[in-house]
Every structure is written in C-alpha cells, then in structure tokens.
Amino acid sequence: MKKTVFIILVLGAFVVRGQELTIPQLSQYLSDNPFLMSPSYAGIGNYVKVRMNGLTQWVGIPDAPDTQSLSADVRLGNRSGIGLVLYNDSNGETQQRGSKVSFAHHLTIDRYEDHFLSMALSFNLNQFRIAIENFDDNNDLGINNDRASSNPNFDIGTLYRKGNFYLSLNVANLLNKDFEKFNFLFEPNVLRNYYLYSGYKFRKSRRADFEWEPSIFFQYFESDGRSVTDLNLKFRKYDFINYYYAGITYRFLNDQVAQPLYVAPIIGLNKGGFYFGYSYQIILNELLGYSSGTHVLTLGVDLFQGISNCTCTY
C-alpha cells in the first residue's frame, strides 16, 4: 500500500506540470469564446458574452481529466472591457480550482479600415491540491496534512486587428510558482507559457452570408520546451444576426507534426442570442486503444445587445 500511495503522489507531481496551474487549452476557444484563451478579447462584442464549457477528456479511461469553466466579459464604455473566468479541473486525485479577472483596453487606429489594437492584463488565483483523503487504506504516516497550495499570478495579452485579419500574443503565469508543500525537487517552478492565435476571415463582401476562416494556435511552455500547434478551419453561414458553423481542428506536438494528438470536427450556432457549440476530439496517439475520445461542449448567451456603438467592439 505504501508503494502504491508513493507512486500516486509522484504521478501527481507530473500532473501538476500537465495541468500547468491554469485552465487546459484544447478547442474551447474555437467555440466563439477566444476570451477563454486571451484576456485581450475582453469586451469585444457589443453585448455581455456568457459562456459555459464542459470538457471530458479520454472517455473510457478511469479518473481522466475533467474540466468545467464559466466565462463572461463585457464592454466598459467605448474603449475598455472586463472579464471573469471561473474553472474547476480534476485529474484523478489531483484537483485545481481557480479564477481569472481581466481588464482590456481597446484602441482605434483607423475606424474606416477596421484597424484596432488591444492590450490586457489578468490576475489569476489558482488552488491546487492532492485529495489524499480519497486514498484507500492510507496508513502511511508520511502522507498527512492537506496537500494544497494557492498560487496568485498574472497574464498579459495583446490583440491586433485589421479588416478580417487578427493576431493575438499572450504570456500566461508571469510569476514563478510557490509549491513548497509538495517538496518535489524535480518539479519546475516556472509555469510561463506563451500563446499565439492568428487567422483571417475570407468573405466576398460585407453583405455576403458565407465566410471561411483558417486560423492557427501555438502554445509554448518555458519550463521544458514543449510546444503544440492547432491548425483550424471554420466555415460560417449567416442568417441576418444568426449564424451556423462547422469546421475541423488538427493538434500536434511541434516535434511530431505527422503524428497528431487529435483531429476534432466542430459544429455550433448562435440563434437569437443563445449559443451552442460542440467538438469531438478523435484521439490519434497511443491512447486510441483505451479511450473513445474527448467531448467539448459549450453553451452560452449574449445579453444586452448594443451596449456599445464603438466600431472596435465588432
């Protein structure tokens, strides 16, 4: 039993690295919710945007990662926006809960060319713990107390938009972490990771009811040099203020481009201010023989339409 508990705790240390003390970034940001990925999107939209995400990874594998999040952002006047994210993430007997408060400022470079620049700052508070009370027959006196740690941190982000082009650059977890309660010498204290998100919306004219949008998402982890890339393609059909979309995303480690982690079809709609999005991630690595895939569900609502008339909200 002592050996089993020790192995669980050691694996827990590696899970901390996998969870990164932040919300996992899979394909949620493609569900009309880029604010979940970058604080610089806070307040873009002339309404209050509320989104709920549920993510169940590796269905069929016991104690696989499971994540829920609630995000909301709103415009403040014509030049600023604020947002809030609450999340809960579990991975076996490791758990993390957190919140993020963001402030963004939006500058209009040229309103006639839809040319804008946004900058943002977020404050994060994350609690990570190992649920040792769930260990079976825990008689090891060396495993006691509450194995938990709270870590405050900051994110920064920028967003450049011109016409149908957008480019977002972000740094998450600027500060090194304080994780002394776990005393794992091999656990890095650097949690900084870097995001790039960019794409272009192709549309014949402003009045056209169909567009297609290729985009790329790149994430780099400073602690161990890992990096992943998403290649995305969405097709969107407009019906006045409503729209429907379908697409696909392809994720891979950057040193294994031809060996994708998953391929995920995505679908969704926004009708009458209510939003629905779904993605099913088809696993293409060694987990394929053990799991049927990952489900990502997004529900949302857009409230108080017309809260701002500034062109940089659109």
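For the stretch 188-216, how many residues meet the condition of being within 21 Å of residue 251 (Cα to Cα), open to solvent by less than 30 Å² (accessible area, probe 1.4 Å) and at pLDDT below 95? Number of matching residues: 2.
State which residue is most open to solvent (accessible area, probe 1.4 Å) when the search covers only the stretch 220-251 and only residues that are over 20 Å from residue 282 (Cβ atoms) and polar (S, T, N, Q). Across the stretch 220-251, the extreme among qualifying residues is 223.
Per the conditions (1) at pLDDT below 85; (2) part of a strand (DSSP E or B); (3) open to solvent by 30 Å² or more (accessible area, probe 1.4 Å), the sole criterion not satisfied by residue 58 is (2).
Among the candidates 269, 287, 299, 261, the residue that is open to solvent by 20 Å² or more (accessible area, probe 1.4 Å), modelled with pLDDT under 90 and either under 20 Å from the mean Cα position of the chain (by Cα) or among the hydroxyl-bearing types (Ser, Thr, Tyr) (or both) is uniquely 261. Residue check: residue 74 meets all listed conditions (1) open to solvent by 40 Å² or more (accessible area, probe 1.4 Å); (2) part of a strand (DSSP E or B) but one, namely (1). Would you confirm, using the coordinates I've provided, whether residue 220 is of a type in the set (Phe, Trp, Tyr), closer than 30 Å to residue 271 by Cα and modelled with pLDDT of 90 or more? Considered against the rule, which asks whether it is of a type in the set (Phe, Trp, Tyr), closer than 30 Å to residue 271 by Cα and modelled with pLDDT of 90 or more, residue 220 comes out as no.
Conditions (1) among the hydroxyl-bearing types (Ser, Thr, Tyr); (2) surrounded by 22 or more Cβ atoms within 10 Å (Cβ to Cβ), marked per residue:
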| site | (1), (2) |
| --- | --- |
| 83 | no, yes |
| 97 | no, no |
| 104 | no, yes |
| 108 | yes, no |
| 111 | no, no |
| 115 | no, no |
| 122 | yes, yes |
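Has the stretch 14-21 got at least one residue that is of a type outside the set (A, V, I, L, M, F, W, C), at pLDDT 85 or above and either on the phi > 0 side of the Ramachandran plot or out of contact with any Asp or Glu (no Cβ under 9 Å at 6 or more places or on another chain) (or both)? No: the stretch 14-21 contains no residue that is of a type outside the set (A, V, I, L, M, F, W, C), at pLDDT 85 or above and either on the phi > 0 side of the Ramachandran plot or out of contact with any Asp or Glu (no Cβ under 9 Å at 6 or more places or on another chain) (or both).
Close contacts from the stretch 116-129, counting a first residue that is in contact (Cβ under 8 Å) with a residue 60 or more places away in the chain and under 12 Å from residue 100 (Cα atoms) and a second that is among the aliphatic types (A, V, I, L, M) and assigned to a strand (DSSP E or B), with Cβ to Cβ under 7 Å and a gap of 6+ residues or different chains, come to 121/156; 122/101. Residues satisfying the criterion are present in the stretch 146-154 (criterion: buried (at least 17 other Cβ atoms within 10 Å of the Cβ), more than 19 Å from the chain's Cα centre (by Cα), modelled with pLDDT under 85 and polar (S, T, N, Q)). Under 8 Å by Cβ, and 6 or more places apart or on different chains, what pairs join a residue from the stretch 217-229 that is closer than 18 Å to residue 167 by Cβ with one that is open to solvent by 60 Å² or more (accessible area, probe 1.4 Å) and basic (Lys, Arg)? From residues that are closer than 18 Å to residue 167 by Cβ, the pairs are 220/226.
The values are calculated or read from the model by the stated rules, or taken from the named source; none is laboratory data. Computed from a predicted model, the values in this text were never measured in an experiment. Virtual Cβ from ideal backbone geometry, glycine too; neighbours counted across all protein chains shown. Remember, those area values only see protein heavy atoms, side chains included, never the ligands or the DNA or RNA. Shrake-Rupley method; radii C 1.70, N 1.55, O 1.52, S 1.80 Å.
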